[in-house]
Amino acid sequence: MARIDKIKKPTESYCIGCGRTYEIDNFYKSINPWHATEVVPYCKECSKEISQAYLKQTGCMESALWASCAEIGIPFIKDAYDMFYTKIQNLKTPPSSGFNYLGSYVTCLSLKRAQKIRWKTFADTDKDFSEVKGLKKDESVLKMDSERFELDWGKHEQDEYEFLEYKYDIYTENIALSPAQETLYRQLCLVELTKREKEKNNESTKEEQTMILALMSKLKIDQFSNSDKSLVERMMETRIAQIEETEPAELYDQKQLYEDYCGIGDYWD
């Protein structure tokens, strides 16, 4: 009888997050039958980044882990989460901003599985997202926010952080920044915060105004010209310019007055 060799267990797996192949130990184990290599499809580092991203987005530990489990294909089990949360609360020192919450939850899930409870896929999740979505921020999340804000902006009050984050988001939306540009934009926001505080106290803001203009000049956001107009605005102005050229003016002086009124000539030049 021909001998049937056992199928060798994989020693490597591909991460769909960073697009690299790593040794199997760089992945969390999984009994999900759709995970062919018996590990989750994201490496441990990418899995951690996913949970951190959801934590920042939702502001709630439970919501973040629920979404992370859905992303990587493992079940979110209430008993495992309760064990995880108790473990976090009993730590002698609060977790740092880089703490691997997902890794800690996976460990608790494995311990619960050892009790012969065989949850396999995310379909085995026993808590609906509507039960976790919109919960208040956990203390650990608030601490992470505070650490990040202080690192980015220095020490300020919570309402000041909100103002700084708001202004920064407005200035940098959909812009790829270099480290130098990021620093300048943060300086600009800080000066605007100082200006706002002085205005509240009816103090002179001349110095802040000068600094704001100087920073805007460095960032090249102090020029407002036709190039800042939308495509629709430019199309409309082009049509207006055509009318200006083809429709006779009632008076000669009007033709000179309204010639290139929208600056289209300058734009095309």
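Nothing in this text is a laboratory measurement; each read-out follows from the coordinates by a stated rule. The shown structure was predicted, so the numbers you read here are calculated from the model rather than taken from an experiment. Cβ coordinates were reconstructed from backbone atoms using ideal geometry, including for glycine residues, and neighbour counts include every protein chain displayed.
How would Ile77, Ile16 line up from fewest to most surrounding beta-carbon atoms within 10 angstrom?
Ranking Ile77, Ile16 by Cβ neighbours within 10 Å, fewest first, gives Ile16, Ile77.
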### Task
Treat the count of other C-beta atoms within 10 Å as a stand-in for reagent exposure and order Lys87, Lys195 from fewest to most.
Lys87, Lys195
### Estimated inter-spin distance, Ser146 and Thr107, nm [label 7 Å along Cα→Cβ]
2.5 nm
### Message
Using a Förster radius of 25 Å, what is the FRET efficiency between Asn26 and Lys56 based on their Cβ-Cβ separation? Nearest 0.05, please.
### Response
0.60
## Note on the structure
Taking Rh as the Kirkwood radius computed over alpha-carbon pairs of the range 12-142 and applying Stokes-Einstein at 37 °C with viscosity 0.692 mPa s, one gets a diffusion coefficient in µm² s⁻¹ of 219 µm²/s
### Task
Collect residues whose amide H, placed 1.01 Å from N in the peptide plane, falls under 5 Å from the amide H of Val39; neighbours closer than 5 in sequence don't count.
Ser30
### Message
How would Leu164, Leu109 line up from fewest to most surrounding beta-carbon atoms within 10 angstrom?
### Response
Leu164, Leu109
